[in-house]
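Notes follow the structure.
The values are calculated or read from the model by the stated rules, or taken from the named source; none is laboratory data. On a predicted model such as this, the values are computed, not experimentally measured, just so you know. Backbone-built Cβ (ideal geometry, glycine too); neighbour counts: all protein chains shown. These accessible areas exclude ligands, DNA and RNA; they are computed on the full protein's heavy atoms, side chains included. Shrake-Rupley method; radii C 1.70, N 1.55, O 1.52, S 1.80 Å.
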Amino acid sequence: METGSIIVFTCNWDAYSGLETAGAKRHSYQPEIIPIKLMCLGRISTGIILKVFERGADGVFLIGCPKDECKYYFGNKHAKTIVAEAQELLTLLGYSSGRLKMDSIAAGEGDKFTEKVRDFAEGLSKISEGV
Amino acid sequence: MTGIQSNMKTMREIINQNRVTLCLTCGKCSSVCPITRWENREYISPRLLVEKAASGEDDQIFNDLLFWSCITCGQCTELCPSDVDFCGFIRDMRVLARKENLTGACTHGDAIQTWARIMTDPELKQNRIGWVNDDLKISDKSDTIYFTGCLPYYDIMFRDLGSESIKVAQSAIKILNKTGIEPYVMKNERCCGHDQIWEGDVKTFKALAELNIDQFKSIGAKRIITTCPECAYTIKYDYPKSVGEYGMEVMHITEYMAEQVSKGKIDFVNDQEKQTVTYHDPCRLGRSMGVYDAPRKVLRELGYHTVEMKKNRSAGLCCGTSCWTSCGKTNKKIQTERLGQAKETEAEMLVTACIKCQVHFKCAQKDKMLENEIGIQIHDLTILAAERLKS
Ligand code: SF4
Ligand code: SF4
């Protein structure tokens, strides 16, 4: 992983289907963005998020299924708790809060996927410019 | 660079320096080792591992189940009649194992080790002193540094267990203020590196230690006070030995409180009904630093009636896990054993002086099936003391 990368964790379901739709429509987004598919966002852990930052990433964005539509019922709820914990730790470590974010899309929402990851990346460049 | 952290020792040197070849095969170490007692996958023991090392079966050492599961409690070293430092041997050998990319199994998803590595960044600007509220007085011109350790981080990580992390830090400042000290609290303090050096990660340890020592020197204080026994031990003994001198006295808050009591400089309200409590000796404070009397003296001064567990002081049992590594069912059995010993005393409360002990015990207590065997209130001594300061 290169310094300055932006890691986008998607779940295998709604979020990944959004990514596939975006691909089929030949959308483009910032080259720093590296999507990583998890079976469910519930797989994420505080340790994984911290490690991504340790290796020099600019930001971590997690996209899963909409609230109450997690295919495993509790995965996105668990991820929410983890992200909140990681966010607090990162704040202590001096990282700006905009560098970690969690969101959701419904299946097939390619446009939304692209829009959300682009916005996240733009937000990060504003943070690094100190705006 | 001198000492083990130069990374240059060979396996044979480590074996010789820790006097492993002097083993008499008496088995005392194995009889006290809590891992030997509770590990039921296979029989492992310090004596067996010492024998492997002494007889030159070097390739077997790293593969021994005890190699990473040893909790470095030091009970074996304490008891050995032939002065074999098994605990030191493990610590030194782990440095060599790391070079071969071997590590213990991480617990908590490696989060704690990761934030320690993040802290090796010299440019890091933490926001770690938000817990210093308006009631607490700190100063940028002080001869005393209060070394917070990872308490602000543990406060987040172990909130679900009801860990008293940040309250420990706040209580320490209250106590210091009461005795006329407005301590310096480092805005960019790093993890002390205790877990790293005991797990063989000397690279991270040194980077953390150097960043802390640079800050100590620029502050120019005379004394460092910690609330974590591991920070106290590491800063006091490992920093000068492996990184460099910084010329300051280091003490754990329990030592400081006992000293202030002797000087008559601190007074506690002790008119509460005599509650019976039992004190758990943290390994680094007890066996490693020899501090057994100070916490007990403070407890008496607070008006508690203290009773000892069956295993106490230098024979005290470890809280079951160390370095946030390789924690599992064997460790839980040790935690359960220790809490059971506390319960047997019929004390109303178990008092600790180490946040990690508290986290480990409270984690074991999550098991409600064991409520009758191990259910007992747990509190930190620093907090109990701060709550009873005479106004
Ligand atoms: S206690 Fe010492 S002498 Fe006895 S078996 Fe253990 S290492 Fe050897
Ligand atoms: S240090 Fe403790 S856990 Fe490790 S071998 Fe010795 S007695 Fe066992």
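Given the condition at pLDDT 95 or above and near ligand 1 (Cβ under 9 Å from one of its atoms), answer yes or no: does some residue in the range B:52-74 qualify? No - not one qualifying residue is present in the range B:52-74.
Taking B:Ile71, is it of a type outside the set (Phe, Trp, Tyr) and closer than 23 Å to B:Ile197 by Cβ? Answer is yes for this residue. For the range B:103-120, filtering for residues that are more than 9 Å from chain A (Cβ to nearest Cβ) and open to solvent by less than 60 Å² (accessible area, probe 1.4 Å) leaves 4.
Of the residues B:Cys318, B:Cys363, only one is within 16 Å of ligand 2 (Cβ to nearest atom) and under 20 Å from the mean Cα position of the chain (by Cα); which? Among B:Cys318, B:Cys363, only B:Cys318 is within 16 Å of ligand 2 (Cβ to nearest atom) and under 20 Å from the mean Cα position of the chain (by Cα). Being without any contact (Cβ under 8 Å) to a residue 24 or more places away in the chain, buried (at least 19 other Cβ atoms within 10 Å of the Cβ) and of a type in the set (S, T, N, Q) holds for only one residue in B:Ser55, B:Ser69, B:Ser45, and it is B:Ser45. Among the numbered conditions (1) surrounded by fewer than 22 Cβ atoms within 10 Å (Cβ to Cβ); (2) among the acidic types (Asp, Glu); (3) away from ligand 2 (no atom under 16 Å from the Cβ), the only one that B:Glu78 does not meet is (3).
The condition (being away from ligand 2 (no atom under 16 Å from the Cβ) and out of contact with any Ser or Thr (no Cβ under 8 Å at 6 or more places or on another chain)) is satisfied by just one residue among B:Thr179, B:Thr148: B:Thr179.
When B:Gly130 is tested against (1) surrounded by 17 or more Cβ atoms within 10 Å (Cβ to Cβ); (2) within 14 Å of another protein chain (Cβ to nearest Cβ), exactly one condition is not met: (1). With respect to B:Arg313, determine if the residue is open to solvent by 10 Å² or more (accessible area, probe 1.4 Å) and within 16 Å of ligand 1 (Cβ to nearest atom). Considered against the rule, which asks whether it is open to solvent by 10 Å² or more (accessible area, probe 1.4 Å) and within 16 Å of ligand 1 (Cβ to nearest atom), B:Arg313 comes out as no.
Rundown of residues vs (1) of a type in the set (Gly, Ala, Ser); (2) surrounded by 15 or more Cβ atoms within 10 Å (Cβ to Cβ), yes/no style:
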residue	(1), (2)
A:Phe53	no, yes
A:Phe61	no, yes
A:Cys65	no, yes
A:Cys70	no, yes
A:Lys80	no, yes
A:Ala107	yes, yes
A:Gly110	yes, yes
A:Lys126	no, no
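Of all residues in the range B:14-36, those satisfying the criterion of being more than 8 Å from ligand 1 (Cβ to nearest atom) and over 22 Å from the mean Cα position of the chain (by Cα) are B:Ile14, B:Ile15, B:Asn16, B:Gln17, B:Arg19, B:Thr21, B:Ser31.
Of the candidates B:Glu308, B:Glu273, B:Glu346, the single residue that is modelled with pLDDT under 95 and assigned to a loop (DSSP other than H, G, I, E, B) is B:Glu273. Filtering the range B:327-355 to residues that are open to solvent by 10 Å² or more (accessible area, probe 1.4 Å) and in contact with a strand residue (DSSP E or B) (Cβ under 8 Å, 6 or more places away or on another chain) leaves B:Thr345, B:Glu346, B:Ala347, B:Glu348.
For the condition touching a strand residue (DSSP E or B) at 6+ places or on another chain (Cβ under 7 Å), part of a strand (DSSP E or B) and crowded, with 20+ Cβ neighbours inside 10 Å, A:Ile7 qualifies. For the range B:45-75, residues that are more than 10 Å from ligand 2 (Cβ to nearest atom), among the charged types (D, E, K, R) and not in a loop (DSSP other than H, G, I, E, B) total 4.
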